[in-house]
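I have placed the structure first, in the form of C-alpha cells, so that the comments after it can refer back to it.
The values are calculated or read from the model by the stated rules, or taken from the named source; none is laboratory data. It should be emphasised that the depicted structure is a prediction, and the values quoted were computed from it without experimental measurement. Positions of Cβ are generated from backbone atoms using ideal geometry, with glycine treated the same way; all protein chains shown enter the neighbour counts.
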Amino acid sequence: MRYEGVLRKMKTELQKEVEYYLIFESDFLNLNQILDKTISINFLRYQCLNCGLEKKIFTQGFCYDCYTSVPQAGDWIMNPELSKAHLDIEDRDLEYEKAVQLKPHVVYLANSSNVKVGVTRKSQIPTRWIDQGAHEAIEIVEVPNRYLAGITEVALKAHVSDKTNWRRMLTNDIKDLNLAEEREKLKEFIPEEAKEYYLANNKELEIKFPVLKFPPKVKSLNLTKAPFYQGVLKGIKGQYLIFEDGTVFNIRSHEGFVVEIGIL
C-alpha cells in the first residue's frame, strides 16, 4: 500500500494513547495501525505550504520568500514577548495577528525529558503538549493575550529550561516530578502584570504515547541527505516516528516535503 502527499505535522487525538494521523490532500493514514510494520519513506520533491510552488523549503514548511513575508512566520511566533497586536501595531498583517495574539494564552510546565516552560494558545491544549512529546503537563497562568504570556515565559525561563532534550525524550530517559510543586516554586517570578492570572488549582495532565519499544540510542533521518529510508515502525512520540534500528524521523522539520510512503 502506498500513500503520496506533502508532509504537514501529524494530527493528533488524545485517547488512552495518542492517536496519530498523516493527512494528505486526498487520503489519510492512521499511523497507530501500522506499528510493527515495515514502512518506506521516499522524498520526491518540495512544495511550499504557502505558495504551493516547488521551491526548496527554508523552514516551517515555507520557501524563503514566504517565510520572510507571511504573518504565520513572524518573529512573535517564536518569541511571543514581541507580540504587538494588543497595541494595535502591525508586524506583517494586523488582522491575522489580532486573530491569533488577542486570544487566551497559557504559560505551562511540560515534562518530556526535563521540565520546561512554554507558551501556547489555550485552544491548542493538549495538542501543543502532545507535539512536544510531554508525558505530563500543567498550566501556570492563563492570560488574555500572547504578549502577557510571552513576558511571563521570559521571566520564568531564567529559572527553568525552555528547551526539550529530544534525544532523552525519544529514548524515554525521563524524570517524573510533581509539576504542581514545580509550579509553586516559580510563582514568585511571574511578572506583576500576570500575577492575577496564576492558576493555583489546575491538575496536571498525563499523556501516553503509542511506543512498542524505545531505542537505547537515536539517530535522526534527514531526507535532504538520505532521500530514501525503510524500517520497522516501533513508536510515535511528539512529532517523531521511531524505528527499530534507532532511526527517528521528525515530521515537523520535514513539512513541505512531498513523499511517497509505502507499507510493506
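Numbers below:
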item: Top-ranked residue of region 200-245 - restricted to ones that are more than 21 Å from the chain's Cα centre (by Cα) and free of Cβ contacts under 8 Å to residues at least 40 places away in the same chain, ranked as farthest from GLN33 (Cα to Cα); result: ALA200
item: Residue check for TYR46: more than 24 Å from TYR21 (Cα to Cα), of a type in the set (Phe, Trp, Tyr), out of contact with any Cys (no Cβ under 7 Å at 6 or more places or on another chain) and modelled with pLDDT of 95 or more; result: no
item: Residues of region 188-199 satisfying the condition of being free of Cβ contacts under 8 Å to residues at least 12 places away in the same chain and touching a Phe, Trp or Tyr at 6+ places or on another chain (Cβ under 7 Å); result: none
item: Selection count, region 151-177, where residues are within 15 Å of the chain's Cα centre (by Cα), among the polar types (S, T, N, Q) and at pLDDT 90 or above; result: 1
item: Residue in region 87-105 that is touching a Phe, Trp or Tyr at 6+ places or on another chain (Cβ under 7 Å) and among the hydrophobic types (A, V, I, L, M, F, W, C) present; result: no
item: Set TYR229, TYR197: member being surrounded by 13 or more Cβ atoms within 10 Å (Cβ to Cβ), of a type in the set (Phe, Trp, Tyr) and more than 28 Å from GLU13 (Cβ to Cβ); result: TYR197
item: Residue count, region 239-261 (criterion: touching a Leu at 6+ places or on another chain (Cβ under 7 Å) and on the phi > 0 side of the Ramachandran plot); result: 1
item: Tally, over region 20-52, of residues that are under 27 Å from ALA137 (Cβ atoms) and without any contact (Cβ under 8 Å) to a residue 60 or more places away in the chain; result: 5
item: In region 1-18, the residues that are touching a residue at least 60 places away in the same chain (Cβ under 8 Å) and over 20 Å from TYR229 (Cα atoms); result: THR12, LEU14, LYS16, GLU17, VAL18
item: Which listed residue, of ASN79, ASN111, is touching a residue at least 40 places away in the same chain (Cβ under 8 Å), surrounded by fewer than 15 Cβ atoms within 10 Å (Cβ to Cβ) and on the phi < 0 side of the Ramachandran plot; result: ASN79
item: Positions within region 115-151 being farther than 24 Å from MET10 by Cβ, surrounded by fewer than 24 Cβ atoms within 10 Å (Cβ to Cβ) and not β-branched (Val, Ile, Thr), in sequence order; result: GLU142, PRO144, ASN145, TYR147, LEU148, GLY150
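Residue-wise test of (1) among the hydrophobic types (A, V, I, L, M, F, W, C); (2) outside the structural domain of LEU241 (by TED's automatic domain parsing); (3) surrounded by 17 or more Cβ atoms within 10 Å (Cβ to Cβ); (4) part of a helix (DSSP H, G or I).
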site: THR12; (1), (2), (3), (4): no, no, yes, no
site: TYR20; (1), (2), (3), (4): no, no, yes, no
site: SER26; (1), (2), (3), (4): no, no, no, no
site: ASP36; (1), (2), (3), (4): no, no, no, no
site: SER40; (1), (2), (3), (4): no, no, no, no
site: PHE43; (1), (2), (3), (4): yes, no, yes, no
site: GLU54; (1), (2), (3), (4): no, no, no, no
site: ASP91; (1), (2), (3), (4): no, yes, yes, no
site: TYR96; (1), (2), (3), (4): no, yes, no, yes
